[in-house]
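Accompanying notes for the structure given below.
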Amino acid sequence: MKPILITAHLYSGFASSDQWSPAIDGILGYWHIQQRYGADQFNIQQGLNHAMQPVDDLPLEHIEHDSIWWYAASFPIYKTHGSARRYLHRRFDQVQAEKMLPDAMKKVQVQSGAFKNARMAINHIVTDKVTWHVIGELNAIQSLLRQAHHVGAKYGAGFGRVREWTYDNGDEQLARYYRPLPIQYAQQHGIVGDRMTWGIRPPSRLIENCVDCVMPLNNANHQ
């Protein structure tokens, strides 16, 4: 394994709810698991948290401390050319659905529940590229990212479209230390930053993957 700089060249930026996303190990994990199970089974399984497990076999270096492990993969690094608050709207076709309701049910509830109408805010980051530093196996990483045509949130609405993936020599120190780090590990290495609970490895939403972390300060981001 070697340090690699991964770059996603974008059409018009990406959507994210925080400054530390999208995570490259999460992107690689998504395509790795889909490749393992096939698209149909993957779509079923990703909605079942109890059926999901930490993705422990990505082509990235493992780092371990005090029985906790994570990947050598940095935060996203990008230059922000602008940002905008965008809104996506979900409207359930209530009129059409109510034509097919059983007699005992008079209407579909759209003020709450599964069919609730919603106006969802997202943060659109305008940038031409996003980079990550990792330590990993180049050929295996390239194979997975050939499938990735979007990065970030709300890709179904057209955000985060990737024009091209490119690769270069990476920075080992950024790959190891410019990422969420368990508090004791960060202290031992003199890393400072905000503290918060974070999904330290994919899938990030699993409770067992969430650890109290230091989010390193570094002027590499948003430069």
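Quick notes on this one:
- Peptide ranges 156-162, 193-199 listed from the most packed, as the mean C-beta count within 10 angstrom indicates: 156-162, 193-199
- Here the peptides 25-36, 140-151 are ranked by packing, the mean other Cβ count within 10 Å, and the order with the highest first is 25-36, 140-151.
- Ranking by accessible area, most exposed first, for GLU64, GLU137 with a 1.4 Å probe: GLU64, GLU137
The values are calculated or read from the model by the stated rules, or taken from the named source; none is laboratory data. The shown structure was predicted, so the numbers you read here are calculated from the model rather than taken from an experiment. Glycine gets a Cβ as well: all are built from the backbone with ideal geometry, and neighbour counts include every protein chain shown. Side chains included, ligands, DNA and RNA excluded: accessible areas come from the protein's heavy atoms. Shrake-Rupley method; radii C 1.70, N 1.55, O 1.52, S 1.80 Å.
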